Every structure is written in structure tokens, then in C-alpha cells.
Amino acid sequence: MTSTRIGIDTGGTFTDLIAFDTSDGTVASLKVASTPAEPLRAFLGAIVASGTDPTDIAFLVHGTTVATNTMIQRAGARVGFICTAGHEDIPYIQRVNRQFLYDLTWNKPRPLLVSRRDCFGVAERITADGEVLTPLTAEAVDDLCERLAANGELEALAVCLLFSYLKTDHETALASALRERFPELPLSVSHEVAPIWREYERSSTVIADAYVKPLMQGYVASLAGGLAAADIDVNWAMMKSNGGLMNAEAAADHPIHLAMSGPAGGAVASRHVAGLLGLENMVTIDVGGTSADVALILGGDVGYTTSYEVEWGIPAAIPLMDIHTVGAGGGSIAWVNAGGFLQVGPQSAGADPGPICYGAGGTEVTLTDANLVLGHLDPDYFCGGAMRLDEDLARRATAAMAAGLDMSSLELAHAVVEIADENMANAIRMVSIDRGHDPRHFALLAFGGAGPLHGAAVARKLHIPTLVVPPFPGSFSALGLLLGDLRVDKLWTQSFRSDRAGPAEVAERFATIARAATDELRAQGFEGDCELRYAINMRYLGQNYETEVEVPPIDALDADGAAAQLELAYQAFHDRHRAMYEYVIADAVIEMVSFRVSAIGAIPHPRLARVQPESGHVETTRAVHFGGEGLMDCRVLHRRAMPIDTVLDGPLVVSEEGSTTLVEPGMQLRRTPEDVLIVEVGS
């Protein structure tokens, strides 16, 4: 009987697996080293290492950073960009925004996902009213195809015609002709990928989708082939950036939606734990081997955005969970800048060769090396003992670097950890204080392999009173993969004005989008009743940027009910605008720029069993360095052996298979029956 549901999260350094047995509620987790050059090896290796019988696997969900890393490393396909004739320079003109307003030496980013010589114009034109100004003729299509064929080196095609979000006829006809003429080239079409109204953002998004599509199609095919070769016959899905799931075949067709696939799993799991503890407001930090991902939970839910950027100035307008990433992970490299100041990250040693203490050829001191030197990590119990750390290598390298800075080895290691902690705290300030939220009124949820190791210090820096360490923190994002639901987001763009558009028009538009979202969800195999969520992007007439406001299902109401709910939506926009900008324009006309419907298909989620202390884990002590306190003898407990609801005083080290929790002197720790660690940080 198939009873095991598996989540696999492939990161830059480690691949994490969670196996949930639906028959008894038990959960097993493990970590294996990622193999960036051969992702299938780590993917299948994790399943084999888990000991799960292939015939017992009922469902598998995968989260990956492959799409993100492909764009960051500029390792994607050579894309042919096809647009309305005369607009071939859209990817290069970009916006007038400047990252550094007063830096006269700053240059706008180059659109490295497409070359200018690979931008092709086709004779056609749709107006801003959705009318055909210049028809798309067969001659124009033939001429375009001849130019594309003459290029000969293109690996993918991206189509983005002017105002195609209003009238899709030209894009649809052109896409059909291109698929017939170039069946071997993956094709991305803007009204399918990002039907939004800003031409640059729409162009950039469809280019990014095409840029990663050949690789992601090969990646999904490779995993599917590997599963078949391993006799694992199972339906499997992938986590999207919006925290929803899509089946693997659909993921290969729309790979840009996987840009934040891995981190989204952590945000979904964080939302689950927040609900479990009854915490409405929480800030989360996921510290892995390469980066730290920060998100905010307000009112029990994670925020959403469409402002993902490949790098500054190169946007991808996709719906995603609002997650901020900084280069602060266990593999972050310590280095000295031209001014002689010590820095940590964003460069990372990654999985190969990794930190010096891995003994795999690393030569630069990393955050993991510093933590090992300070006694924060147990060299014999890294990844549950599956991987031994070489303490002598780390100490010698740290001592050599410290000598060049006229510091002791412990002083340097402590400085490296302090700088990394401050980098993480700054990331939290960006999503909290910079947006008007006081972190002192939040709890901090820390996970990832290194999150619980740094969580107490980060909470102390920000005066956050409570630190929460969830179950299976080292594989928490993989657990989140099993807590997601199938989700389809559909967007439609056309400006309605509050002084002209009536509730009937809005209701009709929502009904059309809802049908499209529901149909796509059904096409992915979901057969149950789906939940529909509605939102409108609004702004005051004359403003340049809009704000999304969730609204009730207006299309399901009668005329009077729809009118009343639309008025409530306008009021919600006023309230949101006041919260963001501290003013409203009560008598201004409101523009409704775009409409979104999310169709959510709920699937069974793990129900974690309550825990009891386990015997067989011996308590030990070791010398641990705590900042101003220096070296202290510290109790080392195994998480599984900890008593339930008993308050323990710090300093403490709590070890487990995928992570280590460090509790500083003066702090208190308890373990709940749900296996959540609660650390009272204090003032």
C-alpha cells in the first residue's frame, strides 16, 4: 500500500528530503550533498538514502533553485526575442530608474538574457484600445521565419507583441506558425506567461521564461527518466514561487514560475507553524549553505508580490511569495576588502569544494569554519554524523587569516559570525522596519541548516522577544513542499475607472478569469472543489504604480451585492494606501489596472504526530565561545531526548540530524509537544 509522501528540496549546497508516512504520521528527514553538475544524482541519492521502498511512495513534490541559478550564472539558452517591428530595443532601453541615485559612475544593467542581434521585429500592430492597426500578414510571418532560420544558433524563442494582453490574436497566430516552422525550439508567449500591461516588464519576463525553458525541460525530463529507471511510478509535482504546486509537465512549460521554488517551500511551512502556535505575526529566516531567505508573516499569511528581479533592473513579473534573499549562508566566505575591513559573503564556497572543514579542497575561511572553531558545531555530528568536519583544517586556516589581521583565531571566528549575524539582521530590517513593522512585536522563526545556529543572536540584535525553531529545521523547506496545494494564478489587464466601470463589468471579467484558472487546474488533474481568491491592482488616477487589494468573489453576487463589495474594495485600497504612504485622496478616481484570480486545489497535508522524549541520546558538555562571555562549558542535548514543556536555562547547544540550535547565556528554552523549540530571548 502506497503511504509515503516525499518532499525533496534541492539547494545550492545540500539536497533535503522529508518522508511522511500517512499511515502513522511519522516523519523522517535527511540531507545529502547537492551535485550541481548532475542534479539527478543527489535527487535519486536522497530517495535511496531514505530507505523508502519505491512501491510505498504515494506522492512526490520537488523544489529547486535550478531556474534561479541558471539566470544568476547566465547559463541559459540563446533566446530569439520577437516583438512588434520598431520595438526591438525594449530590453535595452529598460527604465529610467537608477539603483544609486547620486553615483555618476553607475551604469544600468546589461540585459544579458538576450543579445541585441537576436531581437527580431515583425510587422503588426495592436493599439492601446485593443484594435488592429496593422494586421499580421502571412508575408510578415514568412519574412520573420526566414530571418530566424538564417540565424541558426537560437535555442529558444520569446514572443512579446505590443498590447497583446488586450487582444491575443496576433500572438496566437504567430506562435502557431513558429511552432510549426521551428518545432525543435521551445517557445514562450507573453500573453501566456505574463499578461501584464507594462511592455518592458512583460518583455523581460517572457525572455527570462525562454532563457531557462530548454534547461528546465531537460531537467524535468531527466528527473522523470530517473524516477522511471528506479521503478518509482508516482505522480509528482513542483513547488512554484507563489507557494502552490504544479505538476511536473506544466512546470517544464512555464519554468519562470519556479524562480523561487525552494524558498517558497520554507514560507509555506512557516505559515503552517505560525498557525500551529497561534502566532499572527512572525518573521522567518532560512539560512542554508549559500544564502539567507527572509519573509514576513502578517495576520497569519505570507505576503505576495510580482516584483521578482533576476538582478536589479531586470524584472520577472510573476506571482511569488514576498521573500528577500541575501548572500549569508554557511558557505559564505570571509574576506578583507581594499580598505582593510573584514567582510562575510555574498561569495560562497557552495557545495564544491565547500568550506575548508569539509576537507574537499576549500581554501577560504567560511562561516561554517568559524562556527566550528567557536565550538558551535560538533565535528562528529554534522548532518547527523553522516559527514565529519575537519576541525584541524578549519583552525589552521582561521589562525593563518587571523595572523594577517593581528587577531587571535577565536577573535577572527567571532568577528566572522558577528558580521554574518548583522547581515541577517539587516535583511530582516529591510522586510520589517523599512516597511513600517516593528520586529519587537514579532516572533522569529529560524530554520535551514544554519538558521537555528544564528537565530538567537539575530533575535537579540533586533530585540525580538521569542525565537521559534520548528521541527526538522534543516529540511524545513522540504516539509513545506508537502504542505502546499495545487495553485493556478490568472491575471487579466485592462484599465477600468471607478467613475465609469460598473460592478457588472468587473463581475463579468472576474468570471472569465475564474473559468480560465479553474480549467487550468483541472488540466493538471485536480478533480475536487477548488477555492477561488480574487484581487484587484488599483491606483489613484494619474499614479504610475498600483497596489493589489484582495476582494470577495464579486462574480458570485447579484448586482446590489457586487456594487456593495466593490465599494468595500475601494475602501480597502484607501486603507492600504494610507498604511503604505500615510495619506489618501478620498475623492479621487480609482483605476483598476489588473484583475487576478487564484484557483487553489487542496491536497492532503501531513499531520505531524505529537512527540515524547526518546532514550538513547547521551547528554554531554563542551567548550563553546559566546561573544563577550568567552569560552564556557555548555550542555549539549539531543533534540529527541529533550523533555516536553520543561524550561531549560542557557547556555545550551541542541543537536539534531539536520541542524544545531545555539541558546545563549541568559536565554531560556522549552520543547512543545509538537516538537517546536521556543527560546525566550529576553531584553
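Across every pair of different alpha-carbon atoms, what Kirkwood hydrodynamic radius in Å does segment 246-310 reach?
Computed over segment 246-310, the radius equals 13.2 Å.
How big is the C-alpha Rg of segment 254-373 next to the rule-of-thumb value 2.2 N^0.38 Å, as a ratio?
Numbers: Rg = 16.9 Å, N = 120, 2.2 N^0.38 = 13.6 Å.
Here the Cα radius of gyration is 1.25 times the empirical estimate.
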Please identify which residues in segment 374-403 have an amide N closer than 17 Å to a label point set 7 Å out from the Cα of Thr620, following the Cα→Cβ vector. 374-392
Partner lysines whose C-alpha sits under 17 Å from that of Lys213, ignoring same-chain residues fewer than 8 away, are Lys240
Spelling it out for Arg487: with amide H atoms placed in the peptide plane at 1.01 Å from N, the residues 5 or more places away or on another chain with amide H under 5 Å from its amide H are Leu245, Gly601
Quick check: convex hull over the Cα atoms of segment 559-615, volume per residue in Å³, rounded to an integer? 227
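Subtracting the Cα-Cα distance from 0.36 nm times the residue separation, let me have the gained length for Arg607 to Gln99 in nm, one decimal.
178.3 nm
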Using the Karplus curve 6.51 cos²θ - 1.76 cosθ + 1.60 with θ = phi - 60°, what ³J(HN,Hα) values do you get for each residue of segment 147-163, in whole Hz, with x for Gly and Pro? 5, 5, 5, 5, 5, x, 10, 6, 10, 7, 10, 10, 10, 8, 9, 4, 6
At most 10 other Cβ within 10 Å, DSSP loop - trypsin sites (Lys or Arg not before Pro), segment 465-551: Arg500
In Å, what Rg and Dmax follow from the Cα atoms of segment 385-440? 16.7, 46
Between Arg635 and residues 5 or more places away or on another chain, the pairs with built amide H atoms under 5 Å apart involve Val653
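Roll a 1.4 Å probe over the protein chains and send me the accessible area per residue for the chain in Å².
42
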Mind grabbing the base-10 log of I(q)/I(0) for segment 9-76 at q = 0.21, 0.28 Å⁻¹? Debye formula, identical points on the C-alpha positions, no solvent, two decimal places. -0.88, -1.31
Select from segment 538-646 those chymotrypsin sites (Phe, Trp or Tyr not before Pro) which occupy a DSSP coil region and have at most 14 other Cβ atoms within 10 Å, ordered by residue number. Tyr545, Tyr583
Protein accessible area in segment 532-683, 1.4 Å probe - carbon and sulfur %: 49
Under 5 Å, built H, 5+ apart or other chain: amide partners of Met260: Ser241
I'd like to know how the chain sits against the 2.2 N^0.38 Å rule of thumb: what's its Cα Rg over that expected value? 0.99
Quick one, what does Rg over Rh come out to for segment 62-173 if you take C-alpha atoms and the Kirkwood Rh? 1.04
Hand me the chymotrypsin sites (Phe, Trp or Tyr not before Pro) from segment 46-114 located in a DSSP loop with no more than 11 other Cβ atoms within 10 Å, in residue order please. Phe100, Tyr102, Trp106
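When N is the residue count of segment 298-424, what does its C-alpha Rg come to as a fraction of 2.2 N^0.38 Å?
Normalised Cα radius of gyration, segment 298-424: 1.25.
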Suppose every K and R has +1 on its Cβ and every D and E has -1 on its Cβ; what is the size of the dipole of the chain about the Cα centre, in Debye to the nearest 20? 780
How much of the DSSP bridge set in the chain is antiparallel, in percent, rounded to the nearest 5? 70
Segment 333-366 residues near the modelled Glu418 label - backbone nitrogen below 13 Å, point 7 Å along Cα→Cβ: 342-343
Under 20 Å from Lys167, Cα to Cα: lysines that are on another chain or at least 8 residues apart: Lys490
What share of Cα pairs, in percent, lie more than 11 angstrom apart in segment 360-406? 67
Computed over segment 155-308, the distribution of all Cα-Cα distances in 10 Å bins, rounded to whole %, is 10, 30, 31, 21, 8, 1
Averaged over every viewing direction, what's the projected area of the C-alpha convex hull for segment 160-216? Give it in nm², one decimal, please. 3.7
Diffing segment 181-197: the Karplus 3J(HN,Hα) column from phi (6.51, -1.76, 1.60, θ = phi - 60°), in whole Hz with x for Gly and Pro, holds 7, 10, x, 7, 9, x, 10, 10, 10, 4, 6, 8, 8, 8, x, 10, 8
Give, in nm to one decimal, the length gained when the segment between Asp56 and Ile72 is fully stretched (0.36 nm per residue of separation minus the Cα-Cα distance). 2.0 nm
Here the Kirkwood hydrodynamic radius of segment 400-470, Cα-based and in Å, equals 13.3
Spread of Cα-to-Cα distances over 10 Å intervals beginning at zero, given as percent, for segment 536-680: 9, 25, 13, 10, 20, 18, 5, 0
Fraction in percent of alpha-carbon pairs per bin - 5 Å, segment 441-505: 4, 13, 15, 11, 10, 8, 7, 7, 9, 11, 4, 0
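The values are calculated or read from the model by the stated rules, or taken from the named source; none is laboratory data. Predicted model, so just to flag it, every value in this text is computed and none were measured. As a convention, Cβ positions derive from the backbone with ideal geometry for all residues, glycine included, and neighbour counts pool all protein chains shown. With ligands, DNA and RNA removed, areas are computed over all heavy atoms of the protein, side chains included. Shrake-Rupley method; radii C 1.70, N 1.55, O 1.52, S 1.80 Å.
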